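The next block holds one structure in the form of structure tokens; read it before the comments.
The values are calculated or read from the model by the stated rules, or taken from the named source; none is laboratory data. The structure presented is a predicted model; accordingly, all values stated were derived computationally and were not measured. Heads up, the Cβs are rebuilt from the backbone with ideal geometry, glycines too, and the neighbour counts pull from every protein chain shown. Each accessible area value is taken on the protein alone, full model and side chains, heavy atoms only, with ligands, DNA and RNA left out. Shrake-Rupley method; radii C 1.70, N 1.55, O 1.52, S 1.80 Å.
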Amino acid sequence: NKKYKETERITFRLSESIRTPNGPRQRTILNLKGFSLPIEKWKILADTIEAFLKDQPVLYLDPEIEQLALHYSTLIREKRLREKASIAVVVDEKDCDFHEVDVKSLKNQVARTVGAEHVGLSVYKELELDKFFQNMGFSKHQENVAALSIIGRLVNPASENSTRTWAQKISGLDSLLGCNFADLSNNSLYRIADKIYEHKDALEKHLSDKEKDLFNLQEKMVFYDLTNTYLEGNGIENAKAMFGRSKEKRSDCRLLTLGLIIDEHGFPKASRLMPGNQYEPDSLINMIAQLEGIDVSELEKTKGSKKNQTVIMDAGISIERNLKMLEEYGYDYICVARTKPIPQSEIEKAELKEIHTTKNNSIEVKLFESEKENILYCHSLLKSKKEQAMLDKFKKKFEEELEATRLSLAKPHGTKKYEKVIEKIGRIRERNSAISRYYEIKLTRDPKSNKVADITWNAVELEKQNFRFSGSYFLKTSRRDLDEESLWNIYSTLTMVEAAFRSLKSELAFRPVYHRKENRADSHLFIAVIAYHLLNTIRTKLKQQDLHISWEKIREIMNTQVAVTSEFRTRSGNMILIRQSTEPEIFHSEIYKALNIDPRPFKQRIAK
């Protein structure tokens with residue numbers, strides 16, 4: 001304790017006992033700023049710091065102590081280097097390789113990232129992709145390039161050409177694989193992607209079986225949805241590249257559509273690439289065939305047999321004939337109703353049940369049972385507020401455009417001809433399609449001049465409009481064993497499909513596609529799907545350890561662990577080269593521990 005201007009301050013110091021001619025003394029090693037560890041943990045902290053400094057193994061029981069010990073030992077090393085003091089370490093000379101070297105000759109060179117690659121490669125091997133390609137007859141070089149193609153998409157999502165540059169200039173993946181990508185040709189990654197795609201069905205089954213075994217997946221729920229991506233260039237050499245409704249608002253580009261079946265844990269079961277103008281409801285029959293591992297023509301044989309699986313879909317796919325088809329093939333279904341199956345009068349009389357509540361939201365539901373299916377009416381308070389704000393915004397924008405068109409009738413050079421005004425209003429309706437369907441627009445026409453004298457409008461179908469923006473929706477299901485809460489909870493997990501698509505697009509370079517040829521575009525997109533298998537395996541294992549960190553964040557920080565080649569000159573004039581990775585920091589160790597991965601990507605390599 002110290003008193004400073006009548007104010008008592010407490011300072012903490014890390015000290016060590018030393019022998020002096022005058023007897024034992026205490027020497028301050030480090031002043032501890034912001035120190036608040038309980039006194040009963042001080043001895044453990046001191047022992048852990050000493051172990052770190054002597055490079056001795058430690059059984060980490062307390063993450064707080066581990067973090068503090070690593071921090072303080074780093075500060076001590078830096079202090080001793082500044083003071084030109086040596087760190088005394090007791091070692092077993094049998095395990096050592098002593099050389100007298102010129103410290104000034106030290107050179108660190110060829111630094112390459114290995115942290116994220118080590119995570120990716122470890123999961124790649126855990127899913128036994130290396131064994132799969134070996135069994136498919138891939139040569140050793142092809143096995144390594146296949147690993148580069150998939151892990152590269154996970155760690156550094158980019159085009160094949162950019163992946164080649166990354167492998168040669170930035171990444172240490174070749175060190176982990178025990179190969180050299182320096183002579184990798186321009187076309188190697190294109191050719192390997194094509195070769196991987198040749199085994200698409202077998203590879204998806206292999207991954208599905210391996211993931212089922214690793215995580216004990218029940219696969220009683222499957223989620224199906226579609227997304228699309230756009231092509232750079234005209235895409236005329238790709239038969240599937242078609243103009244359609246782009247989910248990225250790229251109506252100027254040709255599109256490709258990906259259909260994906262995902263289980264309740266987010267693992268893909270099957271994928272299918274389709275034309276960009278694919279009509280969503282028509283795609284379901286092909287996905288059922290893929291799910292069962294048979295051709296569409298063979299599906300007739302499976303009719304009437306119960307599959308014990310529930311298919312969850314969005315409204316875009318759940319037309320009546322698809323629901324009937326699912327029942328014929330033995331599947332149950334849960335989906336959003338495309339229409340309003342329950343009259344408003346019945347909803348108003350119903351007693352709603354609150355099944356989910358948070359600080360900002362509440363979900364109220366009512367289950368209606370019918371002879372054909374059960375229907376769940378859902379109302380979300382947060383969704384209602386959001387949709388009301390959207391409604392106000394849509395109405396304001398639409399009416400402002402109509403008013404501008406009406407005012408232009410009185411301007412000298414404004415659009416007045418009846419046909420031109422009709423065309424202009426048609427474009428306004430198209431731009432505001434979400435709200436324009438609820439408006440009736442009337443034009444007052446001058447029969448003599450064929451000009452429009454006035455434009456008026458009024459809202460129609462108010463009941464439909466109010467429901468559309470009310471935060472309400474209906475779920476339909478063929479299952480009779482689910483209560484309100486179970487049904488809503490199952491459907492809400494459809495967000496996993498949306499999360500998968502977001503990962504593909506934002507984290508795995510799913511868009512845009514630069515390839516002109518159909519087979520190259522297909523293989524490029526399939527590599528992204530395989531990389532997603534790795535990503536979801538990582539994500540699932542981290543969740544099991546209660547770690548919820550985005551892959552982008554993990555990838556960014558893991559890239560700070562690098563492999564470095566150090567060069568020394570000995571007294572005798574010989575050179576020693578040492579290739580090794582940097583020591584894992586706290587975040588690296590946390591991720592490695594959660595994934596049960598060795599924190600050192602590869603063993604030290606020495607050349608004399």
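General remarks:
- On the stretch given as the range 1-20, residues that are open to solvent by 100 Å² or more (accessible area, probe 1.4 Å) and either part of a strand (DSSP E or B) or modelled with pLDDT of 80 or more (or both) total 7.
- When THR444, THR415 are screened for being among the hydroxyl-bearing types (Ser, Thr, Tyr) and outside any strand (DSSP E or B), only THR415 passes.
- Residues that are touching a Phe, Trp or Tyr at 6+ places or on another chain (Cβ under 9 Å) and of a type outside the set (Lys, Arg), drawn from the range 500-520: ALA500, PHE501, SER503, LEU504, GLU507, LEU508, PHE510, PRO512, VAL513, HIS515, ASN519
- Residues located in the range 407-452, provided they are more than 52 Å from the chain's Cα centre (by Cα) and either polar (S, T, N, Q) or open to solvent by 70 Å² or more (accessible area, probe 1.4 Å) (or both): ALA410, LYS411, PRO412, HIS413, LYS417, THR444, ARG445, PRO447, LYS448, SER449, ASN450, LYS451
- Test: LEU508 is touching a Pro at 6+ places or on another chain (Cβ under 6 Å) and more than 30 Å from GLN344 (Cβ to Cβ): yes
- Residue among GLU518, GLU507 that alone is over 18 Å from the mean Cα position of the chain (by Cα) and touching a residue at least 40 places away in the same chain (Cβ under 8 Å): GLU518
- Selection within the range 544-589 - among the acidic types (Asp, Glu) and open to solvent by less than 80 Å² (accessible area, probe 1.4 Å): GLU567
- Looking across the range 571-608, the residues that are among the hydroxyl-bearing types (Ser, Thr, Tyr), modelled with pLDDT of 85 or more and over 24 Å from the mean Cα position of the chain (by Cα) come down to SER581, THR582.
- Residues (acidic (Asp, Glu) and in a helix (DSSP H, G or I)) located in the range 585-608: GLU590
- Those residues of the range 172-231 which are under 22 Å from the mean Cα position of the chain (by Cα), among the charged types (D, E, K, R) and in a helix (DSSP H, G or I), in sequence order: LYS200, GLU204, LYS205, ASP209, LYS210, GLU211, LYS212
- Hey, ILE65 open to solvent by 40 Å² or more (accessible area, probe 1.4 Å), in contact with a helix residue (DSSP H, G or I) (Cβ under 7 Å, 6 or more places away or on another chain), in a helix (DSSP H, G or I) and at pLDDT 75 or above or not: no
- Boolean, GLU387 is open to solvent by less than 70 Å² (accessible area, probe 1.4 Å), within 30 Å of ILE490 (Cα to Cα), assigned to a helix (DSSP H, G or I) and not small (Gly, Ala, Ser): yes
- Residue in the range 287-294 that is under 25 Å from the mean Cα position of the chain (by Cα), under 19 Å from ALA241 (Cα atoms) and not basic (Lys, Arg) present: no
- Candidate set: the range 270-309, residues that are without any contact (Cβ under 8 Å) to a residue 40 or more places away in the chain, over 26 Å from LYS517 (Cα atoms) and part of a loop (DSSP other than H, G, I, E, B); chosen: the one most open to solvent (accessible area, probe 1.4 Å): LYS306
- Scan of the range 355-382 for residues that are out of contact with any helix residue (DSSP H, G or I) (no Cβ under 8 Å at 6 or more places or on another chain), farther than 30 Å from LYS324 by Cα and surrounded by 13 or more Cβ atoms within 10 Å (Cβ to Cβ), ordered by number: LEU381, LEU382
- Candidates PHE474, PHE510, PHE469, filtered to the one that is aromatic (Phe, Trp, Tyr), open to solvent by less than 40 Å² (accessible area, probe 1.4 Å) and out of contact with any strand residue (DSSP E or B) (no Cβ under 8 Å at 6 or more places or on another chain): PHE469
- Residue list for the range 160-174, restricted to those being touching a Ser or Thr at 6+ places or on another chain (Cβ under 9 Å), farther than 14 Å from LEU189 by Cα and either hydrophobic (A, V, I, L, M, F, W, C) or open to solvent by 20 Å² or more (accessible area, probe 1.4 Å) (or both): ILE170, LEU173
- For the range 375-414, the set of residues classified as free of Cβ contacts under 8 Å to residues at least 12 places away in the same chain and among the hydroxyl-bearing types (Ser, Thr, Tyr) consists of SER408 only.
- Residue within the range 551-571 that is of a type outside the set (Gly, Ala, Ser), free of Cβ contacts under 8 Å to residues at least 12 places away in the same chain and within 27 Å of SER506 (Cβ to Cβ) present: yes
- Test result for SER503, at pLDDT below 80, assigned to a helix (DSSP H, G or I) and surrounded by 19 or more Cβ atoms within 10 Å (Cβ to Cβ): yes
- Filter result for PHE394 (within 30 Å of GLU348 (Cα to Cα), part of a helix (DSSP H, G or I) and among the hydrophobic types (A, V, I, L, M, F, W, C)): yes
- Matching residues in the range 100-129 - criterion: being exposed (fewer than 12 other Cβ atoms within 10 Å of the Cβ) and in contact with a Lys or Arg (Cβ under 8 Å, 6 or more places away or on another chain): GLU100, ASP102
Okay, residues lined up against (1) closer than 30 Å to GLY259 by Cα; (2) assigned to a helix (DSSP H, G or I):
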position	(1), (2)
ILE435	yes, yes
LYS448	no, no
GLU463	no, yes
LYS476	yes, no
ARG480	yes, no
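- Residue count for the range 328-354 under the criterion of being closer than 23 Å to SER492 by Cβ and either touching an Asp or Glu at 6+ places or on another chain (Cβ under 9 Å) or surrounded by 12 or more Cβ atoms within 10 Å (Cβ to Cβ) (or both): the result is 16.
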